[in-house]
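Below is one structure, written out as structure tokens, with a few remarks after it.
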């Protein structure tokens with residue numbers, strides 16, 4: 001966000017929690033949101049799909065542990081995190097930040113493992129294409145929208 005507001009880059013795909021204050025302050029202009037539907041804190045901003053580009057990108061966070069963490073510890077941490085996410089104060093703060101909390105039925109370690117595995121599959125192809133195209137240009141990644149292919 002600092003590079004965007006300093007005019008060192010022309011475009012940034014960011015999460016609402018860090019973008020919204022800059023949008024509200026008039027420092028940056030939102031051109032689209034990348035979710036399935038318009039973001040509730042940016043209802044006036046159309047989705048990418050509404051503008052004719054067929055893709056959906058969401059931001060997400062998760063708690064990762066060492067692979068050999070004992071299952072009882074995984075379960076205990078998962079239960080504590082889920083309980084915290086249901087606290088009114090936490091829910092209110094997430095809402096203020098423009099973030100959404102995952103529904104309880106999607107918070108299990110099994111669900112998260114599958115979600116992460118699916119995300120790796122989803123993004124491995126596009127990531128390989130970017131690296132391949134970058135290596136064709138000598139390894140330089142485009143930083144400005146006007147230099148991207």
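Run the paramagnetic zone check for residue 14: 7 angstrom along Cα to Cβ, then residues of the stretch 43-61 with backbone nitrogen under 20 Å.
Correct set: 43-48, 57-61.
Relative to the longest principal axis of the C-alpha atoms of the chain, give the angle of the C-alpha long axis of helix 88-97, reported between 0 and 90° and rounded to the nearest 10°.
10
So if R0 is 22 Å, what FRET efficiency would residue 4 and residue 59 give, r being the distance between their Cβ atoms, rounded to the nearest 0.05? Write down the numbers at each step before the final one.
Numbers: r = 16 Å, r/R0 = 0.75.
Calculated value: 0.85.
Quick one: compute the contact order of the chain, relative version, from alpha carbon pairs under 8 angstrom and 6+ residues apart, as a percent. Walk me through the intermediate numbers first.
Numbers: 94 pairs, mean separation 32.3, N = 149.
Computed over the chain, the figure is 22 percent.
Cα gyration tensor of the stretch 1-58, axes a ≥ b ≥ c as square roots of the eigenvalues: rounded (a/c below 1.5), prolate (a/b > b/c) or oblate?
Working: a/c = 2.14, a/b = 1.55, b/c = 1.38.
Prolate, since a/c reaches 1.5 and a/b exceeds b/c.
Let a ≥ b ≥ c be the square roots of the eigenvalues of the Cα gyration tensor of the chain; is it rounded (a/c under 1.5), or, if not, prolate (a/b larger than b/c) or oblate?
On the way: a/c = 2.13, a/b = 1.33, b/c = 1.60.
Oblate.
Compute the distance in nm between two label points, each set 7 Å from the Cα along the Cα-to-Cβ direction, one at residue 71 and one at residue 92.
Going from the residue 71 label point to the residue 92 one covers 3.9 nm.
Please work out whether the stretch 60-138 counts as rounded, prolate or oblate from its C-alpha gyration tensor, where a ≥ b ≥ c are the square roots of the eigenvalues and a/c under 1.5 means rounded, while otherwise a/b larger than b/c means prolate and anything else oblate? Display every interim value, and only then the final one.
Working: a/c = 3.07, a/b = 1.67, b/c = 1.84.
Oblate shape, in that a/c is at least 1.5 and b/c is the bigger or equal ratio.
Calculate the length of the line joining the C-alpha centroid of the stretch 59-101 to that of the stretch 1-36, in whole Å.
26
In degrees from 0 to 90, rounded to the nearest 10, what is the angle of the helix 71-85 Cα long axis to the longest principal axis of the chain?
Approximately 70 degrees, to the nearest 10.
Rounded to the nearest 10 degrees, what's the angle between the helix 109-136 long axis and the longest principal axis of the chain, both from Cα atoms, 0 to 90?
The helix 109-136 is inclined about 20 degrees to the chain.
Quick note: the coordinates plus some simple rules give every number you see, no bench work behind them. Everything numeric here is computed off the predicted structure, so don't read it as measured data. Using ideal geometry, Cβ is built from the backbone for each residue, glycine included, and neighbour counts are taken over all protein chains shown.
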